[in-house]
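The values are calculated or read from the model by the stated rules, or taken from the named source; none is laboratory data. Note that the coordinates shown come from a computational prediction; the quantities given were computed from them, not determined experimentally. Please note: Cβ atoms are built from the backbone with ideal geometry, for glycine as well, and neighbour counts cover all protein chains shown. Ligands, DNA and RNA are stripped out before the accessible areas are found, and what is left, the full protein with its side chains, is counted by its heavy atoms. Shrake-Rupley method; radii C 1.70, N 1.55, O 1.52, S 1.80 Å.
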Amino acid sequence: MIDGNRLVDLLGHSSAQASLARYLTDAGMIERPQGPDLVQYLDFDDLGLALIFTVASVYREEIGEPRDDGHWILSGIHFYNRHQNGQNDKFAGVLPYELSFEFNRVRTAAALGTPIVDEEDDGYVMNTFRADNEIVVTTSTAVDHGEALWFKVEKIDKFHKERGDV
């Protein structure tokens, strides 16, 4: 079973770092980032999650110093509820921060505190929370559904700072 808390602990590490590489392999995530893109989403639809890797030079510029050397740095994790779309299975592991896909907006706020961003658009609500000094958690719910559609956990970046999330 994949432990989302452990994945969150690995944010900021290089894909080449031994403990991250071993954890991903043991969890069945064999694919690694490659190619010319500056940011790469690795979708593991059968596991209900995506990993977001950022090239180290961009990571340094937009987020800060990586925790170790390497070309691709783990900068975010997207945990999906199967309601998100027809492609993903529901993430069946342990969600970080004691979250649950059964949480609606109120229960998520009870777990994470007051949202720093609260947006509604096209029938969906997105809330962004500050989970600790380096992490933000964004969640989405359908206005008429209530359950969390997904949780995205990522390092605070230049976008969050410019938008005033931190």
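Values as computed for the structure displayed
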| read-out | value |
| --- | --- |
| Flag if Ala109 is within 18 Å of Trp150 (Cβ to Cβ), open to solvent by less than 50 Å² (accessible area, probe 1.4 Å) and part of a helix (DSSP H, G or I) | yes |
| All positions within region 112-129 that are closer than 21 Å to Leu49 by Cα and outside any strand (DSSP E or B) | Leu112 |
| Neighbours by Cβ (under 8 Å, 6+ apart or cross-chain): first from region 119-139, under 16 Å from Lys161 (Cβ atoms); second assigned to a loop (DSSP other than H, G, I, E, B) and charged (D, E, K, R) | Thr128/Asp165; Arg130/Asp165; Val136/Asp165 |
| Residue within region 57-71 that is surrounded by fewer than 19 Cβ atoms within 10 Å (Cβ to Cβ) and in contact with a Leu (Cβ under 6 Å, 6 or more places away or on another chain) present | yes |
| So Phe91, is it open to solvent by less than 40 Å² (accessible area, probe 1.4 Å), of a type in the set (Phe, Trp, Tyr) and modelled with pLDDT of 90 or more | yes |
| Subset of region 94-106 (residues that are open to solvent by less than 40 Å² (accessible area, probe 1.4 Å) and assigned to a helix (DSSP H, G or I)) | Pro96 |
| Cross-chain or 6+ apart pairs with Cβ under 7 Å, region 18-47 first and closer than 21 Å to Arg60 by Cα, then open to solvent by 80 Å² or more (accessible area, probe 1.4 Å) and acidic (Asp, Glu) | Leu42/Glu31 |
